[in-house]
Amino acid sequence: MPPIQDMTSAASVSRETTSEPSDGAGLLDALQHQVAVFARRAEQTRLGGVGQVRNSMDRAAYLLLNRLDREGPMGVKALAAGMGIDSSTVTRQVAPLVDTGLVKRTSHPEDGRAVVLELSARGLARLEEVRSSRRELMAQVTAGWTEEERDSFTTLLTRFNGALSARAARLPSSEGGTGGGIDTGGTEGTDEPGAATPS
């Protein structure tokens with residue numbers, strides 16, 4: 001029997017999504033296959049938005065800017081811990097954001113000797129531009145969905161992302177744990193309510 005292919009036509013998508021496995025193992029097989037298809041399509045399209053802003057910001061930059069906007073200024077270690085990656089990875093990812101003026105380094109408000117990372121006005125404007133583009137993409141992709149369906153999908157996807165992050169945190173670095181610098185995003189599923197998608 002040939003291996004399951006990543007179908008791309010609308011008809012094949014319909015056949016995939018309407019199949020109903022008769023047992024638990026079959027359901028898990030269907031789940032892992034749909035996750036694999038989603039990951040591949042997300043990589044192909046990068047889910048970066050629509051219009052001129054489409055794919056204009058990579059995933060790492062988006063998640064870093066988003067977290068700084070949500071949680072305010074913080075040090076590299078705190079940012080790394082919150083995102084489930086190591087400090088060296090954050091340092092490497094933040095460098096170009098500082099160079100382009102999207103993030104600025106400032107003194108800690110309570111400890112002037114410590115340096116924290118802060119979203120700049122330019123960074124906030126850029127982040128809002130990208131968010132708007134991605135929001136429009138999500139609206140288009142789920143145009144035929146009800147608000148209840150969008151809410152349920154977002155809730156379950158956030159829960160799924162959280163479970164993946166928790167599992168990655170428990171794994172040794174040699175198996176893909178956070179010690180190896182894998183970008184699990186920590187609680188990234190809750191960073192952007194209504195748009196918990198990879199870029």
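Assorted remarks:
- Per the conditions (1) open to solvent by 80 Å² or more (accessible area, probe 1.4 Å); (2) within 13 Å of residue 68 (Cα to Cα), the sole criterion not satisfied by residue 140 is (2).
- Pick from region 82-97, criterion without any contact (Cβ under 8 Å) to a residue 12 or more places away in the chain and over 20 Å from residue 171 (Cα atoms), ranking: most open to solvent (accessible area, probe 1.4 Å): 92
- Within region 143-171, tally of residues that are at pLDDT 95 or above and not in a helix (DSSP H, G or I): 4
- Every condition in (1) touching a residue at least 24 places away in the same chain (Cβ under 8 Å); (2) surrounded by 13 or more Cβ atoms within 10 Å (Cβ to Cβ); (3) part of a helix (DSSP H, G or I) is met by residue 116 except one, and the failing one is (3).
- Any hit, region 80-88, residues being farther than 25 Å from residue 136 by Cα and touching a His at 6+ places or on another chain (Cβ under 8 Å): no
- Residue, modelled with the lowest pLDDT, within region 98-113, restricted to residues that are in a strand (DSSP E or B) and open to solvent by less than 70 Å² (accessible area, probe 1.4 Å): 106
- Restricting region 28-62 to residues that are more than 16 Å from residue 135 (Cβ to Cβ) and open to solvent by less than 50 Å² (accessible area, probe 1.4 Å), the residue that is modelled with the lowest pLDDT: 42
The values are calculated or read from the model by the stated rules, or taken from the named source; none is laboratory data. Just so it is clear, the model here is predicted, and its values are computed rather than measured. A quick note on method: Cβ atoms are made from the backbone with ideal geometry, for glycine too, and the neighbour counts reach across all protein chains shown. Accessible surface is based on the protein model in full, side chains and every heavy atom, while ligands, DNA and RNA are left aside. Shrake-Rupley method; radii C 1.70, N 1.55, O 1.52, S 1.80 Å.
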